[in-house]
Amino acid sequence: MKRDGRFGRFGGFYVSELLIPALEELEAAWLEARDDDGFQAELGAMLRDYAGRPTPLYRSPSLSRALGCAVYLKREDLLHGGAHKTNNTLAQGLLAKRMGKTRLIAETGAGQHGVATALIGALLGLDVIVFMGAKDVARQQPNVRRMRLFGAEVRSIEAGSRSLKDAINETLRYWTEFSREAFYVFGTVAGPHPYPSIVRDFQRVIGEEIRAQVDAAEGRLPTAVIACVGGGSNAIGAFAEFVDDDACDGVRLIGAEAGGHGIDTEQHGATLTLGSAGCLHGSISYLLQDAHGQVREADSISAGLDYPGVGPEHAHLHETGRATYEPVTDDEALDAFVWLSKGEGIIPALESSHAIALALRSKAAFGPDDVVVINLSGRGDKDLAHAMAALDARGG
């Protein structure tokens, strides 16, 4: 490896020796493509013409009234595919073609990454296999149908918690056996190096656009950028432009993680709030674990946040204090899901609803001169049946 993939004490690559050659091949291809003007031009054109970038920065009247300041939504829900995931899958799909791979494999929780991988496979003429926990298959049927319509094979995983963690495990096993022809399109900023850096690079277009769009609208930097955090790709994408620039030191970076039934219970996914450092899926980061180092299952109404780990760069930002992370309960997220739908005519994904809920809860922290950006990472069509059943179960 040319790089160790470290973010402070976090990151690295802790995998079977059988996977090291595949990771080395991937790193070399990524570094070469990153510096290739031709690759970057092709990616930029496809992000614009196929995916629909730049996505709008929308000033929300209802949220601005509620918080008492200017509040903008970064509309990643309007990207082709319905979420920010297309930024990463399009870039990794082009990288796979460049490397001569013939098959894309991916894990998915909420299904958005699986959909984005499937549609890119259809676009580029590559076979696609998506691994998805059986629990998520049941609660994300609209996305399962879309993946199959795009021609992907969806493999339902019955092992373990039957959720995202187990889907990643199965995808890594498959890649170990078929790495010569298969390209693992990793969906978040977790996993072994170079994936946390690759996915951050391909998602940072979100933050680049936020910075330029806020400057155009307000003539200044935002006060705060708020995003939901599971593995953490949409949040790193939104944060990246503001992390290493001294001029942005005053920009608050705020992550909303899954509080589930409440952090005083064991049914949550509040990895950075209640987790500790350990190794999961090939890197050192924060994770939910017991006193013996065994991974504890995460729990969230949102399939995309139902993950017991987090990307290593988020762990580093948490420990250094550059970003703050707060848990949001299932009930708070459901309330925000309904609130934005009724207040703006925008149905947010349950993942994004966590960020909306945290902004509403934090309104006392902002004044009339502040400018807040919330990354609306995905649309909520996929969650309608699941969310409405949960609302009915609690009485509306």
- Item | Tabulated pairs, the range 136-149, first farther than 20 Å from ALA122 by Cβ and modelled with pLDDT under 95, second among the charged types (D, E, K, R) and crowded, with 22+ Cβ neighbours inside 10 Å, C-beta under 8 angstrom, 6+ apart or interchain | ASP136/ASP306
- Across the range 312-338, what is the total count of residues that are without any contact (Cβ under 8 Å) to a residue 40 or more places away in the chain, in a helix (DSSP H, G or I) and surrounded by fewer than 24 Cβ atoms within 10 Å (Cβ to Cβ)? 1
- Note on the structure: Out of (1) modelled with pLDDT under 95; (2) in contact with a strand residue (DSSP E or B) (Cβ under 8 Å, 6 or more places away or on another chain); (3) within 20 Å of ARG204 (Cβ to Cβ), the one ASP244 does not meet is (2)
- Could you grab me the full set of residues in the range 52-82 that are at negative phi and either assigned to a loop (DSSP other than H, G, I, E, B) or outside the structural domain of ALA238 (by TED's automatic domain parsing) (or both)? ARG53, PRO54, THR55, PRO56, SER60, CYS69, LEU79, HIS80
- Some residue of the range 171-180 being under 19 Å from the mean Cα position of the chain (by Cα) and either farther than 11 Å from GLY109 by Cα or not aliphatic (A, V, I, L, M) (or both): yes
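Okay, residues lined up against (1) surrounded by fewer than 20 Cβ atoms within 10 Å (Cβ to Cβ); (2) assigned by TED's automatic domain parsing to the domain that holds HIS316:
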residue	(1), (2)
SER156	yes, no
ASN169	yes, no
PHE183	no, no
ARG220	yes, yes
VAL229	no, yes
ASP244	yes, yes
ALA247	yes, yes
- Quick check: anything in the range 100-112 buried (at least 20 other Cβ atoms within 10 Å of the Cβ), assigned to a helix (DSSP H, G or I) and either at pLDDT below 95 or on the phi > 0 side of the Ramachandran plot (or both)? yes
- Item | Residue list for the range 7-23, restricted to those being surrounded by fewer than 17 Cβ atoms within 10 Å (Cβ to Cβ) and either part of a strand (DSSP E or B) or without any contact (Cβ under 8 Å) to a residue 24 or more places away in the chain (or both) | GLU17, ILE20
- Query: Do any residues in the range 52-72 that are within 12 Å of ILE356 (Cβ to Cβ) have Cβ atoms under 7 Å from those of residues that are in a strand (DSSP E or B), where the two are at least six apart or on different chains, and which pairs are they?
  - Reply: SER60/VAL71; SER60/TYR72; SER60/LEU73; LEU63/VAL71; LEU67/VAL372; VAL71/VAL372; VAL71/ILE374
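Go through the range 24-47 and report how many residues are of a type in the set (D, E, K, R), part of a helix (DSSP H, G or I) and under 15 Å from ILE198 (Cα atoms). Give the steps one after another, and end with the answer.
In the first step, residues of the range 24-47 are kept if they are of a type in the set (D, E, K, R); the result is 24-25, 27, 32, 34-37, 42.
Going one step further and asking which of them are part of a helix (DSSP H, G or I), we end up with 24-25, 27, 32, 34, 37, 42.
Filter once more, keeping what is under 15 Å from ILE198 (Cα atoms): 24-25, 27, 32, 34.
Here the count works out to 5.
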- Item | Contacts under 9 angstrom Cβ, first residue in the range 289-301 being surrounded by fewer than 17 Cβ atoms within 10 Å (Cβ to Cβ), partner basic (Lys, Arg) and part of a loop (DSSP other than H, G, I, E, B), 6 or more apart | ASP290/ARG296
- Query: Among the residues of the range 266-285, is any in a loop (DSSP other than H, G, I, E, B) and over 22 Å from the mean Cα position of the chain (by Cα)?
  - Reply: yes
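The values are calculated or read from the model by the stated rules, or taken from the named source; none is laboratory data. Bear in mind that the values here come from a model prediction, so they are computed numbers and not experimental data. Note: ideal-geometry Cβ built from the backbone for every residue, glycine included; neighbour counts use all protein chains shown.
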